Amino acid sequence: MKIDFNKSSDGLVPAIIQDAKTKNVLMLGYMNQEAYDKTNEIGLVTFYSRSKSRLWTKGEESGNVLSLVDIKIDCDNDTLLVSVHPKGPTCHTGTDTCWHEQNVQSYGFLSTLEDVITSRVENAEGQKSYVASLFAKGINKVAQKVGEEAVEVVIEAKDNNDDLFLEESADLLFHYLILLQAKGFRLEHVINILESRHNN
């Protein structure tokens with residue numbers, strides 16, 4: 001990896017810190033050649049602190065270190081993307097990220113859909129909601145609905161109508177997310193099992 005530390009007069013390049021698991025951006029720091037070398041040597045992200053004018057290993061006082069996973073360089077060779085496993089909050093204010101966001105796993109729209117399901121269940125009173133009404137019928141009814149949708153997916157898979165197959169697949173996934181919450185789980189619990197199987 002050829003990093004162009006000479007592009008700026010101070011010999012520093014931006015280092016974007018990203019959680020290796022959640023893919024959330026945690027913070028932005030700066031590295032010079034010495035900081036980069038030390039990061040690789042000790043396996044903990046080390047910056048050049050412009051305010052302290054010295055090398056600074058993240059968490060050297062708080063204990064909230066950033067364990068190095070990988071470093072990538074951009075197309076201009078002057079910006080680093082540093083993948084880490086954070087220990088504790090990253091920001092000095094005590095938040096997970098320097099943008100005051102929670103560092104939680106997101107699965108795109110599926111996470112949004114999970115939040116909608118949660119909201120419909122928690123605010124069931126005073127609103128008409130299919131999710132809330134199904135949830136109120138109990139685990140047996142929710143599980144039965146997942147079974148029905150699974151059968152529909154199998155039936156459509158054997159036909160040649162791709163649109164109907166995808167529609168039924170969406171129905172199955174939607175009701176499975178409801179079933180997960182009815183059992184007290186979320187998608188992340190299933191993903192964790194899949195990841196552990198993949199790593200074994």
Projected onto their principal axes, the Cα atoms of the chain stretch, largest extent first, over whole-Å spans of 64, 42, 32
What does the C-alpha gyration tensor say about the overall shape of region 130-200? Classify as rounded when a/c is under 1.5, otherwise prolate if a/b is larger than b/c, or oblate.
oblate
May I ask you to give the solvent-accessible area per residue for region 156-200, in square angstrom, as obtained with a 1.4 angstrom probe?
73
Treating the angle as unsigned and between 0 and 90°, give the value, to the nearest 10°, between the Cα long axis of helix 162-182 and the longest Cα principal axis of the chain.
80
Helix 33-42: angle to the longest alpha-carbon principal axis of the chain, degrees 0 to 90, nearest 10?
60
Measuring with a 1.4 Å probe in the full set of protein chains, what accessible area per residue, in whole Å², belongs to region 1-112?
57
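Quick one: with all protein chains in place, what share of the accessible area of the chain is carbon or sulfur, to the nearest percent (1.4 Å probe)?
51
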Over all directions, the average projected area of the alpha-carbon convex hull for region 73-188 comes to how many nm²?
12.5
Between region 137-192 and region 86-120, what's the alpha-carbon centroid distance in Å?
26
Per residue of the chain, what 222 nm ellipticity follows from adding -39500 (n - 2.57) for every DSSP H run with n ≥ 4, rounded to the nearest 500?
-13500 deg cm²/dmol
What number results when the radius of gyration of region 21-88, computed over Cα atoms, is divided by 2.2 N^0.38 Å?
1.06
Once amide hydrogens are built 1.01 Å from N within the peptide plane, the residues lying 5 or more places from Met31 or on another chain with amide H under 5 Å from its amide H are Val13, Ala15, Tyr48
Under 10 Å, Cα contacts only: if you run a Gaussian network model on the chain, which one of Leu164, Leu80, Leu66 comes out with the highest mean-square fluctuation?
Leu164
Most fluctuating of Lys38, Lys137, Lys23 in the GNM of the chain (C-alpha, under 10 Å) is Lys137
With angles folded into 0 to 90 degrees, how steeply does helix 139-157 sit against the dominant principal axis of the chain? Use alpha carbons for both and round to 10.
90
Shape category assigned to region 101-168 from the gyration tensor of Cα positions, a/c cut at 1.5:
oblate
Within a Gaussian network of the chain (alpha carbon springs, distance under 10 Å), most fluctuating of Asn24, Asn140, Asn32:
Asn140
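The values are calculated or read from the model by the stated rules, or taken from the named source; none is laboratory data. As the structure is a computational prediction, the values presented were derived from the model and not from experiment. Only protein heavy atoms, including side chains, enter the accessible area calculation; ligands, DNA and RNA are left aside. Shrake-Rupley method; radii C 1.70, N 1.55, O 1.52, S 1.80 Å.
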